[in-house]
């Protein structure tokens, strides 16, 4: 109440059945008694009566509620039950609810602090949400000192109704929010988050610090919010696809946020460094080298020539530009001006050690002018103690961050550049191929026949339905049929027993390679006999007769999928055998994937050169691999019933790909 | 002069031939005229007369000089010539020289500031050297503000005479120096650095920020100091072996330095986290998960039971311990005290968000008491703004760092733990095997016969001399001899043409596999004929007749070596073929390597599971691989003439290893 009464522009009405007056204001018995239209109710009643209050709110038309009260999903089963009920009420009355178990919300634009926190933040253009209320109190206290302001601050609590996706959507349309930052421990609807965040990122940068990356941390997170975090690999993939900037530390989150809230975006990935100090220049160059995004700008000849005039002997006219220890602000300015005119340069870093000839305030003004003149971001690394404090103050007036550590300054520009790249990319648009869904469904329904909902090669037609190439062949259940299928195939064939109950077919002699036409009938009989001898009760579906793949110039790859509780279908790509099993060299994305994302999946694996002729092989047809990934992605998106699926191997060669073997698990209830 | 006159305890004497008096002191014409014993001379004369001054110093017995003057190796060839001359003079008179081209040196113990920098540092127990003078001025200005003090500060300049190794040696024996920090761009004598730093690390932690890691940065470094940095992989290996803590950023360097200068060392790698804030607790747990060194402590049952009593519902009694938002200092203390009694716990982190019930000064005092009581390090992450400033001040009085970012606090404890591990390890002691050096020398001398100083399989005896197993066989130069060698071998043999001029032997049919006894003579003739036809002018050394290695259950590995200009012989290990070539999965150490280092080399490669039976193979004899690495390390250490050498493949199986092929380059002048 005191927080609200402090600065809020609107009316505040206390409600308490036991009082007539509170804080000098008339107090009402319940929401129904209030003679105004209530925009938002802050609920701080005991947990056992929260739902009654919420229901009444619904009845009288109060649509927005902040529930601070704890004692819901984060406690035992009673609390979880209470939270389920709360969700039902919210749905019934179409209520917007923040919390429960949260600190509250703030909006500096209207001076509203509807939290029980000790500090009100400064005004600013950053909106901040957090799954930890304590983290908000720590950040606000710190931010006051650092001069960082906020537009909205939201403590998400248990996210029973409104979650991070809802706020991203809202802030995307909020003209007063220029940057969104989020501390999250879980995301519930991963697919929806990706779509919303990717859309919002076109205009509004989103920086996410997601914790619970490690097992121990995920467990700790679950213990204090009751949320289950899900697999780190899914978040990793999801964030890549959603266009959010992922921060790994609190410092990184605020470095990104500050840069994004005050600086123009770079127009190339190349950065110019101007320094009066050799050593820090080298450190900054290392930090650029460490970045996956930034590159040291290569200057045009004109630039180098122009720089030559202004820089004394002992300096460096190539990047990093060393204007030498005796440089004054003018020499810095000249070098910076020339560098920023170079078409390759998209951003700059000004690095300075304290010297007798440099005044940090003048240097700061010059940096701000140059940034404005060229419309490009310049980070400051005006190093020192008290002296630097003046630079911090001067630069922050222009929205420019100043750092002591060169690598931190580079990190800030890196965040800007990464975001600029996201903006340049088109919104992801998964390809939709023309496929035969009905046929696919029919095949998936076969899983109902078995006991364990698993399908193997007998479901190869599923791939045919989605036009994923498979070797010629079929599953047969008589020697004659085997012969017939083999006759249609050029050359000798591979024959395999097909049974969901026999896992290691080779071990029992259940696989025959290079069977000639004449021997097909005998081979059929032999395979069936071996299988019966080995496991009399096995369900034998037949024998697969398949074209023999010539493995010369072919590489075995794996395309697989499993389902994450938060993000849904994850598609995986890697090279077969040791590369996936021992080297763990795989790439993952949330389906449905776009053409660009499927291309990245192939690029990302370390063994990719093996597909590109590294060992003297003819390069494989990568386009076909990329298309297969997308077709598989479409299949598992179309059928949520597919719980996991592996094409292993998908043989890739110069003439295309072929899916040689298949395993999948189907939840037939979802068909 | 003013810096020296300011605080220096001793006598300062100006020398200048043009003046009688300077700064109110009697001025002498040259060093020879000074009527005192001069401990140290600071040289700030024009570059052209520096060497004359230094020579005179040598003549009159002044043994310690700091040369601030620039214009040496960092400029053109004239400067380089001048620096060479300076080194000669130093050697002649046995002089200790810092610089040239440096800021000078400081010693706060005696109030000596012999630099031209603007600030004198606070007193402290950290000694700091830097290859960048500008970085020193920036750090000192900043450190004044941060309350960080130093014992000695040394600007290394061009390191013409004294380098980082000399100062490490000195500070190791200096009772006033507890921590050494260094900003380096190059290390000249890598082997010496490793030995000295490893020895010093037993008592004195050394933190190194080495820049020029990336190509662009190395080039920039070379442009401002004239030094050539050498390969990053050599530094990486060298630092691992030297026991230094490598910092990647300025912040990391000072985080490590502060922790090491004021806190006790942890006695295990397990850390306990005590927090009143769920979210930050999860972040810290992630940071521990990211660490290669730290682990989240697993508590004993007693600990968990004891914690249960003090922590209310909704908290967490497992690590991270959540004492809940309403915790007062007493509850924090109880939890911390219990956790630190657990034998698994070697360090702790106290994390707090600002709350109404927590006073940061009291909390700080408690943290300091607990650290003292248990003799274990506790980092503080008392989050907030102004409030936290008080905690910073209170904790820093006890030498305890406080951070806003939980991951930074974890990093500090990580540095301490890494150093504690280094101290626990024995000093590296490369194994010395009993080998036949004379025989090895004889074989290496054969390289003189060829034109390109290369040797191949014809030098396999070199490996025999160092007891590295090779397959049975020999090089022969007649059909009869071939037959004789083959007869002594069980089963068919492999035969290969031996010629330094024919690189791709298989392509011309110069390799025959599985030759039966009866066919050996014909095979010999055929190989010679093919070689002559293919390349009539090739120098044919004969035909190698070798035992056929059964590759079942064998893995091809590579043990190689090349020579780094700074660190000398680098030994490399990896798995053959794609693993080294495509996956770049190798491990590197500076020779001579110890048993422990060779073991680490095998452990470090990602493909190591393949040697351990990952794909159903019988595991290879790893001890034999480790011994081979050490024997090779001894060989290349014994013979600096070996410039590069590759055993590829070294076939490793359950029964040991065999070196199947060999290539090396010899600098015969060094034999």
| query | Across segment A:100-129, which residue is surrounded by the fewest Cβ atoms within 10 Å (Cβ to Cβ) among those that are within 23 Å of residue A:206 (Cβ to Cβ) and without any contact (Cβ under 8 Å) to a residue 40 or more places away in the chain? | reply | A:123
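A quick yes/no check of all residues on (1) touching a strand residue (DSSP E or B) at 6+ places or on another chain (Cβ under 9 Å); (2) on the phi > 0 side of the Ramachandran plot; (3) crowded, with 20+ Cβ neighbours inside 10 Å:
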site: B:532; (1), (2), (3): no, no, no
site: B:540; (1), (2), (3): yes, no, no
site: B:552; (1), (2), (3): yes, no, no
site: B:566; (1), (2), (3): no, no, yes
| request: Check A:59, A:78, A:88, A:55 and return the single one that is assigned to a helix (DSSP H, G or I), under 20 Å from residue B:315 (Cα atoms) and not assigned by TED's automatic domain parsing to the domain that holds residue A:221. | output: A:78
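Residue-by-condition table, conditions (1) within 20 Å of residue A:93 (Cβ to Cβ); (2) touching a residue at least 24 places away in the same chain (Cβ under 8 Å):
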{"residue": "A:14", "(1), (2)": "no, no"}
{"residue": "A:52", "(1), (2)": "yes, no"}
{"residue": "A:58", "(1), (2)": "yes, yes"}
{"residue": "A:62", "(1), (2)": "yes, yes"}
| remark: For segment A:578-597 the number of residues that are touching a strand residue (DSSP E or B) at 6+ places or on another chain (Cβ under 8 Å) and at the interface with chain B (Cβ under 8 Å from one of its Cβ atoms) is 1
| request: Scan segment B:10-48 for residues that are assigned to a strand (DSSP E or B) and touching a strand residue (DSSP E or B) at 6+ places or on another chain (Cβ under 6 Å) and jot them down. | output: B:15, B:28, B:41, B:42, B:43
| field | Residue list for segment B:286-326, filter: in a helix (DSSP H, G or I), more than 9 Å from every other protein chain (Cβ to nearest Cβ) and under 15 Å from residue B:271 (Cβ atoms) | value | B:303
| said: Return the residues of segment B:467-477 that are buried (at least 19 other Cβ atoms within 10 Å of the Cβ) and in a loop (DSSP other than H, G, I, E, B); say none if nothing qualifies. | reply: B:468, B:470
| For segment A:94-138, which strands (runs of 3 or more DSSP E) that fit wholly inside it have 2 or more residues that are assigned by TED's automatic domain parsing to the domain that holds residue A:168 and modelled with pLDDT of 95 or more? | A:104-107, A:112-115, A:122-130
| said: Just checking, does segment B:562-575 include any residue being more than 25 Å from the chain's Cα centre (by Cα) and more than 15 Å from residue B:238 (Cα to Cα)? | reply: no
| remark: Going through segment A:144-157 in order, the residues found to be crowded, with 24+ Cβ neighbours inside 10 Å and within 12 Å of chain B (Cβ to nearest Cβ) are A:155, A:156, A:157
| note | The lone condition residue A:216 fails out of (1) in a helix (DSSP H, G or I); (2) within 14 Å of another protein chain (Cβ to nearest Cβ); (3) at pLDDT 95 or above is (3)
| Does residue A:286 count as crowded, with 23+ Cβ neighbours inside 10 Å and in the same structural domain as residue A:326 (by TED's automatic domain parsing)? | yes
| field | Matching option when the condition is in contact with a strand residue (DSSP E or B) (Cβ under 6 Å, 6 or more places away or on another chain), surrounded by 22 or more Cβ atoms within 10 Å (Cβ to Cβ), within 14 Å of chain B (Cβ to nearest Cβ) and touching a residue at least 24 places away in the same chain (Cβ under 8 Å), among A:205, A:280 | value | A:280
| said: Condition check: at the interface with chain A (Cβ under 10 Å from one of its Cβ atoms) and either over 25 Å from the mean Cα position of the chain (by Cα) or over 20 Å from residue B:40 (Cα atoms) (or both). Does residue B:105 satisfy that? | reply: no
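Rundown of residues vs (1) free of Cβ contacts under 8 Å to residues at least 40 places away in the same chain; (2) outside any loop (DSSP other than H, G, I, E, B); (3) surrounded by fewer than 17 Cβ atoms within 10 Å (Cβ to Cβ), yes/no style:
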residue	(1), (2), (3)
B:596	no, yes, yes
B:617	no, no, yes
B:626	yes, yes, no
B:637	no, yes, no
B:643	no, yes, no
B:646	no, yes, no
B:649	no, yes, no
B:652	no, yes, no
B:658	no, yes, no
| Looking at B:601, B:583, which is the one that is touching a helix residue (DSSP H, G or I) at 6+ places or on another chain (Cβ under 9 Å), crowded, with 21+ Cβ neighbours inside 10 Å and either closer than 17 Å to residue A:583 by Cβ or without any contact (Cβ under 8 Å) to a residue 12 or more places away in the chain (or both)? | B:583
| Checklist (1) assigned to a helix (DSSP H, G or I); (2) more than 10 Å from chain B (Cβ to nearest Cβ); (3) buried (at least 24 other Cβ atoms within 10 Å of the Cβ) applied to residue A:334, failing item | (3)
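Let's see how each residue does on (1) under 30 Å from residue A:329 (Cα atoms); (2) assigned by TED's automatic domain parsing to the domain that holds residue A:637; (3) surrounded by fewer than 20 Cβ atoms within 10 Å (Cβ to Cβ):
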{"residue": "A:381", "(1), (2), (3)": "yes, no, no"}
{"residue": "A:386", "(1), (2), (3)": "yes, no, yes"}
{"residue": "A:393", "(1), (2), (3)": "yes, no, yes"}
{"residue": "A:398", "(1), (2), (3)": "yes, no, yes"}
{"residue": "A:417", "(1), (2), (3)": "yes, no, no"}
{"residue": "A:439", "(1), (2), (3)": "no, yes, yes"}
{"residue": "A:444", "(1), (2), (3)": "no, yes, no"}
| request: Consider residue B:505 carefully, then state whether it is within 27 Å of residue B:628 (Cβ to Cβ), without any contact (Cβ under 8 Å) to a residue 12 or more places away in the chain and under 45 Å from the mean Cα position of the chain (by Cα). | output: yes
| Among the residues of segment B:341-388, how many are away from chain A (no Cβ under 13 Å) and not in a strand (DSSP E or B)? | 22
| query | From A:169, A:192, which residue is more than 14 Å from every other protein chain (Cβ to nearest Cβ), more than 20 Å from residue A:637 (Cα to Cα), out of contact with any strand residue (DSSP E or B) (no Cβ under 9 Å at 6 or more places or on another chain) and not in a loop (DSSP other than H, G, I, E, B)? | reply | A:169
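The values are calculated or read from the model by the stated rules, or taken from the named source; none is laboratory data. Predicted, not measured: the structure shown is a model, and the values here were computed from it. So basically every Cβ, Gly included, is an ideal-geometry build from the backbone, and we count neighbours across all protein chains shown.
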